[in-house]
Amino acid sequence: MAFRLESRIPSGPLEQKWENAKRDMKLVSPANRRKYSILVVGSGLAGASAAATLGELGYNVKCFCYQDSPRRAHSIAAQGGINAAKNYQNDGDSVYRLFYDTIKGGDFRAREANVYRLAEVSVNIIDQCVAQGVPFAREYGGTLANRSFGGAQVSRTFYARGQTGQQLLLGAYQALQRQVDAGRVKMFARHEMLDLVVVDGRARGIVTRNLVTGAIDCHVADAVILATGGYGNVFYLSTNAKGCNATAIWRAYKRGAGFGNPCFTQIHPTCIPQSGDYQSKLTLMSESLRNDGRIWVPKKKGDTRHPNDIPEEERDYYLERMYPAYGNLCPRDIASRAAKVMCDQGYGVGPGGRGVYLDFREAIQRLGRNTIEERYGNLFEMYERITGEDPYTVPMRIYPAVHYTMGGLWVDYHLMSTIPGLFVLGEANFSDHGANRLGASALMQGLADGYFIIPYTMGHFLAQVKPGGLDESHPEFRAARQAVEERTKKLLSIRGKKTVDDFHRELGRIMWEYCGMARNASGLKHALQRIPELREEFWQNVNVPGSGDEMNQSLEKAGRVADFLELGELMCLDALEREESCGGHFREEHQTEDGEAKRDDERFCHVAVWEFAGEGKPPVRNVEPLNFEFVHLAQRSYK
Amino acid sequence: MKIILNIWRQKNASSPGRMVRYELDNVNEHMSFLEMLDVLNEELTRKGEDPVAFEHDCREGICGCCGFMINGIPHGPERGTTVCQLHMRHFQDGDELWLEPFRAKAFPIIKDLMVDRSAFDRIISAGGYISINTGSAPEANSIPVKKQCADRAMDAAACIGCGACVAACPNASASLFVSAKIAHLGLLPQGEPERDRRALRMVLKMTEEGFGYCTNTGECEAICPKGVKIENIAMMHRDFTRAVALFREEAKVGGTG
């Protein structure tokens, strides 16, 4: 059975599509809203903003997160900023330009209508956040300050020091807690969603595990929202928080939600290089550093001199050389790949030659140490804390690391998945960023989805269904609950010889090697053989100590890794089938003469939407064609 | 290098706990403290023992999940550092360390080094926000904000809600945490209309949750990994006092100490 992929893109000119859609949407009257219940899984920017806003509207909302508090969701770690087409700087920005930059940055693999809407509501986000008390950086005159970010030639990024994600999340969290106080949102912290329940073809609830007591519970509702973030932790080492996982979206996929472009992952160019085998995660250094930092490697291969002893004429500022128009501010995928190429050719620095310099010497000379400290102080401190080196006097060493996943559950223009009643917001969905996300756009998308899109599209959906009419004694709920309990029991009964982390690390190595910054058919085929073997071994030989009816962090990890072991395979399959290079998906067989990504618009100007076909059966690849009515497909050039 | 760890092990809230000694050889100086615990947990798992439960997530010092006592100091000996960002290069070969959970009446123990800090969420719920529904915000630049105010608000807003201030305080007061939110929102024109009510409700909630009063010891500021300043507590006292005069009925119980 193939999906019917109706994107529900409204008619009319680009600038009027969202207006037209809103005009045509059905409404639920204020008196009826409290009869409807909505589950929101995840409490990051998308989840918290959605839960708060739906609560304000008067719906009954339950919100779930695995952390001990909704304030800790990983949106909190976003550093650099949030884009909005305010044109406060009078430098030529507009909704259209933000739209175009985002489409182009994504290498023409996103829907025009979605991206335009995103750019349109970006301005409302800033208004909303300022009103909530988000302490954005300001000029002496009292107006909001901006900085520039990769892939743009205007300054449209709003920021709160290097902690923009934290401040935006606290704004959304406070709005959420206000609704908790008002009794409109019930918060379930330390709860993990372990399955989705579909009744008569509609998403009607979830099964959760209470991470403190181990209790497995069912929650029934009229609609379910997944805002559970990305799946970068498939790679084991990434900039994601340790708990970030794909279980919610993967369970939904196995219940019939299409998975869009799983191979589209973003490798962020500026992260602190790995220092040893014990490494548990990688730390990002904000892209905003590329505003003032200059990236270089020594011109001589294997140069072991101290960076400060290498004279100017013996340094290769390779991004400025290769991309003179954008220089150090070229998009992330391009900067990452360039770093990899330089290191592969033997110019890398630091242990194993896996690093390049990010140097602030010139900026400090030009602007003074105080200005640099004001702009990036907390990032410099973080770098020094981790590496023990002072970036004010010695250039930072950086290397690319897995950061964000553009792929995710397929959604239509209403952010609804292929399962009616299941909505997917933020990084968890596939939309808006195409094959590469521009910096400062993730925060924008999460909040756009939660504050300004879902309140309309959810109402439209609910207005067409009757509230309630179901409880957890329904056979589908009982079956889902039983499946969760059996899986937990199975994981605890294996008592093998290897730890969960052993398997996760091994999966990460395979993914990084064959499905990382550069991919090719033979490597992907090898990975597609290795991953099922590893998965089989996992289910034979993993050791999960403890029991299911208590706080058990090993069990939590085991469930997540079991899902990664399936998702990783789908990512490789998608990467193999997409025989072109675009954005973060670089197939070595498809590159231009000067090593840039070479798209194949004839064959691949579409979204690949994968459909689960049953255990042990190959998934089905469906296609949603991307029609570009308003922009010209062009080869990306940042030269 | 070699590190000796004495770790508080407690199965759950209702079981008694005890210190258990572990010896770790081959600790690498570039490891983070939590990576060292990962190594210990891998060893324990291989031996079929229960790994040590500790809270952590972002491991970048921003989510506020992590935190326990190392030799009696929340987040350990390095100033301005969460335990996830604390690296082993700050310790000596042969060091013996005592790891305990944050202790406070309002932070009941869940397991080993994990405590329940949900009281913080309830305090925020009581008023740590600006009441503005989505969609009703005015144009962002229509209200100018003094740069100094925005910067000071940001200093206070940098709080990560880890609870180290409570653990360090001899009274287990949450005053630094509460005052950071009161100052953050109170310094901005957007937060002004609810300033008194916010201070009143948050302070009363703090007392109700079982946190102690502030007696100006200053331990909280000294250990705060984000450098949140005790001057916020002065602001809280002032706002609370003013609020008590305005809202006599609501203010019958409690105080800031």
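Scanning the stretch A:233-244 turns up no residue that is of a type outside the set (D, E) and out of contact with any helix residue (DSSP H, G or I) (no Cβ under 9 Å at 6 or more places or on another chain). Are any of the residues in the stretch A:156-166 under 23 Å from B:G127 (Cβ atoms) and not in a loop (DSSP other than H, G, I, E, B)? Yes; the residues of the stretch A:156-166 include at least one that is under 23 Å from B:G127 (Cβ atoms) and not in a loop (DSSP other than H, G, I, E, B).
The residue that is modelled with the lowest pLDDT, among those in the stretch B:32-52 that are assigned to a loop (DSSP other than H, G, I, E, B) and more than 16 Å from B:L97 (Cα to Cα), is B:G48.
Kindly evaluate A:F136 against the criterion of being over 30 Å from B:A180 (Cβ atoms) and hydrophobic (A, V, I, L, M, F, W, C). It is false that A:F136 is over 30 Å from B:A180 (Cβ atoms) and hydrophobic (A, V, I, L, M, F, W, C). Just one of (1) more than 9 Å from every other protein chain (Cβ to nearest Cβ); (2) under 19 Å from B:M36 (Cβ atoms); (3) touching a helix residue (DSSP H, G or I) at 6+ places or on another chain (Cβ under 6 Å) fails for B:S175. It is (2). When the stretch A:356-374 is limited to residues that are of a type outside the set (A, V, I, L, M) and surrounded by 21 or more Cβ atoms within 10 Å (Cβ to Cβ), the one that is farthest from A:P307 (Cα to Cα) turns out to be A:F360.
Rundown of residues vs (1) in a helix (DSSP H, G or I); (2) among the charged types (D, E, K, R); (3) closer than 19 Å to B:G72 by Cβ, yes/no style:
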| site | (1), (2), (3) |
| --- | --- |
| B:R103 | no, yes, yes |
| B:F107 | no, no, yes |
| B:G128 | no, no, no |
| B:A137 | no, no, no |
| B:I160 | no, no, no |
| B:N171 | no, no, yes |
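Of all the criteria given as (1) touching a Ser or Thr at 6+ places or on another chain (Cβ under 8 Å); (2) in contact (Cβ under 8 Å) with a residue 12 or more places away in the chain, the one not satisfied by A:G171 is (1).
Restricting attention to the stretch A:167-184, which residues are charged (D, E, K, R) and surrounded by 24 or more Cβ atoms within 10 Å (Cβ to Cβ)? Matches in the stretch A:167-184: A:R178 only. Those helices (runs of 4 or more DSSP H) of the stretch A:446-551 in which at least 1 residues are in contact (Cβ under 8 Å) with a residue 24 or more places away in the chain, out of contact with any strand residue (DSSP E or B) (no Cβ under 6 Å at 6 or more places or on another chain) and closer than 26 Å to A:T213 by Cα, considering only elements entirely within it, cover A:475-493, A:500-514, A:521-541. Here B:R197 passes the criteria (1) surrounded by 15 or more Cβ atoms within 10 Å (Cβ to Cβ); (2) among the basic types (K, R); (3) within 20 Å of B:C159 (Cβ to Cβ) except the one numbered (3). Out of the residues in the stretch A:138-164 that are facing chain B (nearest Cβ under 7 Å) and touching a residue at least 12 places away in the same chain (Cβ under 8 Å), which is surrounded by the fewest Cβ atoms within 10 Å (Cβ to Cβ)? The extreme case among them is A:T143. Considering (1) of a type outside the set (G, A, S); (2) over 24 Å from B:D151 (Cα atoms); (3) assigned to a loop (DSSP other than H, G, I, E, B); (4) at pLDDT 95 or above, the lone condition that B:K205 does not fulfil carries the number (3). Restricting attention to the stretch B:105-127 and to residues that are more than 15 Å from B:E209 (Cα to Cα) and not hydrophobic (A, V, I, L, M, F, W, C), the residue that is farthest from the other protein chains (Cβ to nearest Cβ) turns out to be B:D112. Candidates are the residues of the stretch A:352-365 that are assigned to a helix (DSSP H, G or I) and in contact with a strand residue (DSSP E or B) (Cβ under 9 Å, 6 or more places away or on another chain); the one that is farthest from A:K299 (Cα to Cα) is A:A363. Taking helices (runs of 4 or more DSSP H) as the structural unit, those lying wholly within the stretch A:1-67 and holding at least 1 residues that are surrounded by fewer than 17 Cβ atoms within 10 Å (Cβ to Cβ) correspond to A:17-24, A:30-33. Here is a check on your reading of the model: is B:A53 hydrophobic (A, V, I, L, M, F, W, C), in contact (Cβ under 8 Å) with a residue 40 or more places away in the chain, more than 30 Å from A:Q167 (Cα to Cα) and not assigned by TED's automatic domain parsing to the domain that holds B:P225? For B:A53, the condition - hydrophobic (A, V, I, L, M, F, W, C), in contact (Cβ under 8 Å) with a residue 40 or more places away in the chain, more than 30 Å from A:Q167 (Cα to Cα) and not assigned by TED's automatic domain parsing to the domain that holds B:P225 - is not met. Restricting attention to the stretch B:148-158, does a residue exist that is within 29 Å of A:R184 (Cβ to Cβ), facing another protein chain (nearest Cβ under 7 Å) and in a helix (DSSP H, G or I)? Yes, that holds for at least one residue.
From the list A:P311, A:P269, the one residue that fits, being without any contact (Cβ under 8 Å) to a residue 24 or more places away in the chain, of a type outside the set (A, V, I, L, M, F, W, C) and more than 14 Å from chain B (Cβ to nearest Cβ), is A:P311. So, in the stretch B:80-101, of the ones that are part of a loop (DSSP other than H, G, I, E, B) and within 14 Å of chain A (Cβ to nearest Cβ), which residue ends up nearest to B:E219 (Cα to Cα)? If we take residues in the stretch B:80-101 being part of a loop (DSSP other than H, G, I, E, B) and within 14 Å of chain A (Cβ to nearest Cβ), then B:G80 is nearest to B:E219 (Cα to Cα). Based on what the data block shows, is B:E29 at pLDDT below 95, part of a loop (DSSP other than H, G, I, E, B) and not small (G, A, S)? Yes; evaluated as a whole, the condition is true for this residue.
Of everything in the stretch A:103-130 that is surrounded by 22 or more Cβ atoms within 10 Å (Cβ to Cβ) and free of Cβ contacts under 8 Å to residues at least 40 places away in the same chain, the residue that is nearest to the other protein chains (Cβ to nearest Cβ) is A:V130. State yes or no: is B:N232 assigned to a loop (DSSP other than H, G, I, E, B) and either among the polar types (S, T, N, Q) or in contact with a strand residue (DSSP E or B) (Cβ under 8 Å, 6 or more places away or on another chain) (or both)? It is false that B:N232 is assigned to a loop (DSSP other than H, G, I, E, B) and either among the polar types (S, T, N, Q) or in contact with a strand residue (DSSP E or B) (Cβ under 8 Å, 6 or more places away or on another chain) (or both).
Looking across the stretch A:265-316 at every residue that is among the acidic types (D, E) and closer than 25 Å to A:S75 by Cα, the one that is nearest to the chain's Cα centre (by Cα) is identified as A:E287. The single condition from (1) farther than 17 Å from A:L565 by Cβ; (2) surrounded by fewer than 22 Cβ atoms within 10 Å (Cβ to Cβ); (3) away from chain B (no Cβ under 14 Å) that A:N210 fails is (3). The test for being of a type in the set (S, T, N, Q), farther than 19 Å from B:V166 by Cβ and surrounded by 24 or more Cβ atoms within 10 Å (Cβ to Cβ) holds for B:Q85. For the stretch A:596-630, filtering for residues that are part of a loop (DSSP other than H, G, I, E, B) and within 16 Å of A:N436 (Cβ to Cβ) leaves 5. If you go through the stretch B:56-79 and pick out every residue that is in a loop (DSSP other than H, G, I, E, B), crowded, with 20+ Cβ neighbours inside 10 Å and either in contact (Cβ under 8 Å) with a residue 60 or more places away in the chain or more than 7 Å from chain A (Cβ to nearest Cβ) (or both), you end up with 10.
The values are calculated or read from the model by the stated rules, or taken from the named source; none is laboratory data. In this text, all values refer to a predicted model and were calculated from it rather than measured experimentally. Virtual Cβ from ideal backbone geometry, glycine too; neighbours counted across all protein chains shown.
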